[in-house]
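What follows draws every value from the coordinates through simple rules; no lab data is involved. This structure is a prediction, so every number in the text was calculated from the model and none was measured. Backbone-built Cβ (ideal geometry, glycine too); neighbour counts: all protein chains shown.
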Amino acid sequence: MNELVPSEFYLGQNYPNPFKEKTTIKYCVAHKSRVKLTVTNSEGVEIEKLVDEEKQPGTYEVEFSAFHSCGSRNPQEGEYFYRIEAGDYSRQKTMIISNNNL
């Protein structure tokens, strides 16, 4: 967690994107809140709940592993979505899994 306290909630773009195995998602919490960060496939089916807990103000990073979450040696290529909900704040962003050499 970073020492600086963010003044607003924020959901960053995952990096790298596209990715083959793992990607990192950065988010900021402006005040103590219950934070839920989930990943869904293109059909809206939840793949993994990355965060589901009360967080203090700060900046956080979480790693998403396509192999672990999708349960396969070669996760399905395509668009996936990650969404944060914290208090009244909610945002969704797109990430892409690619099995090609990146």
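Between residue 83 and residue 17, the C-beta separation translates, for a Förster distance of 22 Å, into a calculated FRET efficiency of about 0.90.
Quick one: net charge around residue 15, please, counting Lys, Arg +1 and Asp, Glu -1 for every other residue with C-beta under 12 Å from its C-beta.
Details: positive: 22, 26, 93; negative: 61, 63.
Its environment carries a net charge of +1.
When shorter helices are ignored and each DSSP H run of at least 4 residues is given -39500 (n - 2.57), the per-residue value for the chain at 222 nm works out to -1000 deg cm²/dmol. Couplings for segment 33-42, taken from phi via the Karplus curve 6.51 cos²θ - 1.76 cosθ + 1.60 with θ = phi - 60°, read 8, 6, 10, 10, 10, 10, 10, 10, 7, 5 Hz in order; Gly and Pro are left as x. Put a dot 7 Å past the Cα of residue 54, heading toward its Cβ, do the same for residue 4, and the two dots end up 2.7 nm apart.
Mind putting a number on the dipole of segment 10-96 about its Cα centre? Charges go on the C-beta only, +1 for Lys and Arg and -1 for Asp and Glu, and I need it in Debye to the nearest 20.
200
Projected label points at residue 62 and residue 43, each 7 Å from Cα along the beta carbon direction, are separated by 2.3 nanometres.
Per-residue HN-Hα couplings for segment 50-56, Karplus 6.51 cos²θ - 1.76 cosθ + 1.60 at θ = phi - 60°, whole Hz, x for Gly and Pro? Working through the residues one at a time gives 7, 9, 7, 6, 6, 10, 7 Hz.
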